[in-house]
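Some notes on the structure that comes next.
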Amino acid sequence: MSIPLPHDHIKPFNDPEKTKKEQVREMFDDIAAGYDKMNRLLSAGIDLRWRKKAIRMLKKHNPQKILDVATGTADMAILTCKMLNPEKITGIDISEEMLKIGRQKVEKEGFGKQIELLKGDAEAINFPDTSFDGIMVAFGVRNFENLKKGLKELLRVLKPGGQLIILEFSKPKYILFRKIFYLYMRIVAPQMAGWFRQNKKAYAYLNESSKAFPDREHFIELLTQSGFTACTCKPLSFGICCIYSARRLKD
C-alpha cells in the first residue's frame, strides 16, 4: 500500500467526515458551470499555451490511443484531437458535472467519434494493463488522494514504450516572483471567484494544493520510484507550472 504524502492531506474543505476524493468531486461539481471562464480569466489565456506545449511533446511519439486523466471539461482532449488527430482519446474524471460540459463541447467541435468521456477514478482506472500508448494529465495530479498510488496506476495502463505527459502548477524559483504569484493566488483568485459567484474555497484550495505539491526534482523522483524512465521537467512562465515527461520501459 502506498504511504500518503503530506500533499495528499490537503483538502478543499474542512470536513473530517469526507475523504479528499469526495471533497474534490464535490468541489468540481460545484464550480463546473464557470470553470472554463475562470481558467481563461485567471491565467489570461496562458493556460492554453501551456496545454499546447504539453501536447506537442506527445506528437513525436504519434500516440493513437490516448488516456486523458482528470479530463474535466475536455480542453486537453479537444486540443489533442485538433493537433494530433489520434485514433481515440478516452477522458476520465470523477466529476460528472464537469464531464457533462465536456461532452457538450466535444459534440460541438465534431469529435464525438474520437473522444469518449467517462466517469472514472485515476487511482483505480477501469481499463486493462497496457491499454494506452499515451497518457496526459493537465492540472490533475495534485488532486489525487494518494499521489503514489495514482502514478503507479498510470504506469499500469500505459503500454511499454508509451509516453506520459503531466502539466501541473509548481513553485516559482525566483523569490520576488514567487511572492507575487502566491499573493495573487491567495487573495486575488478567490476574490475574483467570488465576483463570478464561484466557490472561493475551491480557489483557496488551488493555492494550498499547489504550494504543497512535490514539484520539479521531487516529482521526478516520485515518477522514477513509480517505475517510469526518461523523466524530465520543463518549467514554463517563470516556473508557475511545469511539463513533466516520462516513459514506460519497453519490454
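Quick notes
- Among the listed pairs Lys88/Lys119; Lys148/Lys234; Lys201/Lys234, those beyond 25 Å (Cα-Cα): Lys201/Lys234
- Full-extension gain in nm, Ile187 to Glu22, via 0.36 nm per residue minus C-alpha separation: 56.9 nm
- Sum of -39500 (n - 2.57) over DSSP H runs of 4+, divided by residues of the chain (222 nm, nearest 500): -14000 deg cm²/dmol
- Choice from Pro214, Pro16, Pro160 showing the highest fluctuation, given a GNM over the chain with Cα pairs closer than 10 Å: Pro16
- Net charge contributed by nearby residues that have their C-beta within less than 12 Å of Tyr35 (K/R +1, D/E -1): -3
- Under 12 Å, Cβ to Cβ, from Arg156 - net charge with Lys/Arg +1 and Asp/Glu -1: +1
- Shape of the range 16-72, Cα gyration tensor, a/c cut at 1.5: oblate
- Ranked list, fewest to most other Cβ atoms within 10 Å of each Cβ, for Phe132, Phe111, Phe127: Phe127, Phe111, Phe132
- For the range 6-247: relative contact order, % (alpha-carbon pairs under 8 angstrom, 6 or more apart): 21
- Net charge of the neighbourhood of Asn126, taken over other residues with C-beta under 14 Å away and scored Lys/Arg +1, Asp/Glu -1, is -4.
- Taking 18 Å as the limit for the C-alpha separation, the pairs Lys53/Lys173; Lys82/Lys152; Lys179/Lys211 exceed it in the case of Lys53/Lys173; Lys82/Lys152.
- The range 43-79 versus the range 89-150: alpha-carbon centroid distance in Å: 12
- Using only the C-alpha atoms, the convex hull of the range 155-251 corresponds to 111 Å³ per residue.
Values in this text are rule-based calculations from the coordinates and carry no lab data. What you see is a predicted model, and the numbers here were worked out from it, not measured in a lab. As a convention, Cβ positions derive from the backbone with ideal geometry for all residues, glycine included, and neighbour counts pool all protein chains shown.
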